[in-house]
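This report concerns only the one structure given below.
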Amino acid sequence: MAQRLIIIGGDAAGMAAASQARRRRDRGDLEIVAFERGHFTSYSACGIPYWISGLVPERDELIARDPATFREKFAIDVRMRHEVTAIDTERREVVARDLGSGGEVRERFDTLVYATGAVPTKPDWARTDTGGMFGVQTLDDGAALRAWLESEPRPRRAVVVGGGYIGVEMAEALIQRGLSVTLVEQAEQPMSTVDPDMAELVTDAMRAIGITIRTGLAVTGLEETDGRVSAVVTAEGPIPTDLVVLGLGVRPNTALAEAAGLPLGVTGGVRVDRRMRVAGVPGVWAAGDCVETVHRVTGMPVHVPLGTHANKQGRVAGINIGGGYATFLGVIGTAVTKVCDLEVGRTGLRERDARAAGFEFVSVIAQSTNRAGYYPGSRPMTVKLIAEKPSGRLLGAQIVGWSEAAKRIDTLAVALWNGMTVDDMTALDLGYAPPYAPVWDPVLIAARKAVDALSASDR
Ligand SMILES: Cc1cc2nc3c(=O)[nH]c(=O)nc-3n(C[C@H](O)[C@H](O)[C@H](O)COP(=O)(O)OP(=O)(O)OC[C@H]3O[C@@H](n4cnc5c(N)ncnc54)[C@H](O)[C@@H]3O)c2cc1C
């Protein structure tokens, strides 16, 4: 008799696991049933800001594989609009509610993949039915926001609450749609994923495209008129608006896991080993935004909800379930984003992370350009490196600049992943031609500056 694999969550991690398991085991050997409570499978939440802005015209362009494709090409029984409400690891079954009919189904499993993603932070004032309040966690959320933007009376003003990368991308998207946008951030600066000196460059770029930035300010309530939001309330008075987008971060979606007795780590994510097996629960796997992973520089547990990790972790789980061998080795915090043409990349530790982890370090900022100075389109590029004292091991890097800035972080991510020192990095054989870099690449200039800083310290 075929064994049965149940997947909870039909997006990046869940469907990567399902697809990889299917590649290795045919339907006679392994039945696969995937439960998804939303309307879409395998969609790019990462693409939502670009669909909202209009850069990506059609919603369906964000969908990599729809349920019909999974059913027909992969023999995966995808149950849409089905929310799993309980997991029984003793009886080895899940209970799911059909959100369309209201009915309940029970399904047996031999193997289970828990891939429920993350839950957005929603303060009490945002728990309301008032029209014009939006999260952007799922494609359903994005669709609701698009519909509001296209409804009458046409919204003209927007407030984005939270200045993380999602808040920044959404503020840009709404500006591009012609709205007047205010971003409200409780901290002293938006874009806290990089150090304040680098975040300042991003803040300047946001202001330059017309985003009003209010920092050191918290939204504490909403004002409404006729059931529609009309302002957000702050200690400095109301900010009038026709819509509010929440970008206050996420936490692992573990309510179901916790109720089923799956172990959670210190960050709140499900505890898994390198093969994505849930610790101590045979036959149960977890992947994506719902799990805790390890930071390779500090060795500490972290929760880093990114699509790049969700896809890899789901793939690892699926290969192992399919009978192969794969591992997920942790993260180093590499991420990229942009504000219009200004690109931002980061990897490893920020200064405050390095300090908290007890490292002695130097940090340097090198100014350079993305191309040879004389070549058309040459623009400034700022590279920051953080290197351990006295070893010189690279601990972190950040880049802000115009074209070719963001993906340059990958060079630094590879160096950091492999434990290179800044001394080693000065000798890296990086490509050079005037259209792509100055003769000394910005990465090499920064590495040289870090070596100088180490020499000037008591190395
Ligand atoms: C606006 C935005 C921009 C982003 N940009 C980037 C980016 O540029 N780069 C990057 O790396 N990452 C980015 N991310 C993060 C990335 O989208 C997530 O890390 C990724 O989607 C996580 O995949 P996942 O499968 O773990 O979770 P999800 O994509 O959240 O999928 C989980 C699925 O499980 C379903 N589900 C949950 N509970 C149940 C249940 N009980 N029963 C049935 N179904 C359930 C949900 O409906 C959901 O579809 C972005 C996210 C957002 C919101």
Peptides 266-279, 423-436, 397-410 ordered by average Cβ neighbours within 10 Å, highest first: 397-410, 266-279, 423-436
Value at 222 nm in deg cm²/dmol, rounded to 500, when DSSP H runs of n ≥ 4 in the chain each add -39,500 (n - 2.57): -7500 deg cm²/dmol
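For region 124-227, what does the relative contact order come out to in percent, with C-alpha contacts under 8 Å and a separation of six or more?
Values: 130 pairs, mean separation 26.9, N = 104.
After rounding, I find 26 percent.
In nm, what is the difference between 0.36 nm times the number of residues separating Asp410 and Val266 and their Cα-Cα distance? It would help to have the intermediate numbers written out before the result.
On the way: separation 144, 0.36 × 144 = 51.84 nm, distance 2.90 nm.
Net length gain for the segment: 48.9 nm.
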Alpha-carbon centroid distance for the pair region 389-414 / region 40-82, whole angstrom: 33 Å
Magnitude of the charge dipole, region 54-161, Cβ model with Lys/Arg +1 and Asp/Glu -1, debye to 20: 260 debye
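Just subtract the alpha-carbon distance of Glu150 and Asp26 from 0.36 nm times their residue separation and send over the number in nm, one decimal.
Values: separation 124, 0.36 × 124 = 44.64 nm, distance 4.53 nm.
Stretched out fully, the Glu150 to Asp26 stretch lengthens by 40.1 nm.
Defining a contact as two alpha carbons under 8 Å apart and six or more residues distant in sequence, what relative contact order in percent does region 284-392 show? Don't skip to the end; give the middle numbers.
Values: 141 pairs, mean separation 19.0, N = 109.
Here the relative contact order equals 17 percent.
What's the FRET efficiency of Ser403 with Asp140 using the Cβ-Cβ distance as r and R₀ = 45 Å, to the nearest 0.05? Please list the in-between numbers first.
Numbers: r = 34 Å, r/R0 = 0.75.
Between Ser403 and Asp140 the formula returns 0.85.
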Using a Förster distance of 35 Å, the FRET efficiency for Glu224-Asp88 (Cβ separation, nearest 0.05): 0.25
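Largest first, what is the accessible-area ranking of Ser455, Ser192, Ser378 with a 1.4 Å probe? Walk me through the numbers before you get to the answer.
Values: Ser455 80, Ser192 60, Ser378 35 Å².
Result, largest first: Ser455, Ser192, Ser378.
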With DNA, RNA and ligands ignored, accessible area of His39 (1.4 Å probe; Å², nearest 10): 100 Å²
Residues of region 91-175: accessible area per residue with a 1.4 Å probe, Å²: 43 Å²
Percent RCO, i.e. relative contact order, over the chain, from Cα pairs under 8 Å lying at least 6 residues apart: 13 percent
Stretchable slack from Thr128 to Thr215, in nm (0.36 nm times residue separation minus alpha-carbon distance): 28.9 nm
Residues whose placed amide H lies under 5 Å from that of Ala326, excluding near-sequence neighbours: Asn320
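What ranking do 194-206, 253-265 get when scored by the average of other Cβ atoms within 10 Å per residue, highest first?
Numbers: 194-206: 19.7, 253-265: 17.5.
Output ranking for 194-206, 253-265: 194-206, 253-265.
For region 317-388, give the magnitude of the charge dipole about the Cα centre (Cβ charges: +1 Lys/Arg, -1 Asp/Glu; no others), in debye to the nearest 20.
On the way: 8 positive and 6 negative charges, 41 e Å.
The dipole of region 317-388 has a size of about 200 debye.
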Within-13-Å neighbourhood charge of Thr234 [Cβ basis; K, R +1; D, E -1]: -2
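Considering only the other residues whose Cβ falls under 11 Å of the Cβ of Arg214, what net charge follows from Lys and Arg at +1 and Asp and Glu at -1? Walk me through the intermediate numbers first.
Numbers: positive: none; negative: Glu185, Glu236.
Spelling it out: positives minus negatives among the neighbours equals -2.
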Residue-count net charge about Leu329 - beta-carbon cut-off 10 Å; Lys, Arg +1, Asp, Glu -1: +3
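The values are calculated or read from the model by the stated rules, or taken from the named source; none is laboratory data. Note that the structure is a prediction, hence the values are computed from the model and not measured. So basically every Cβ, Gly included, is an ideal-geometry build from the backbone, and we count neighbours across all protein chains shown. With ligands, DNA and RNA removed, areas are computed over all heavy atoms of the protein, side chains included. Shrake-Rupley method; radii C 1.70, N 1.55, O 1.52, S 1.80 Å.
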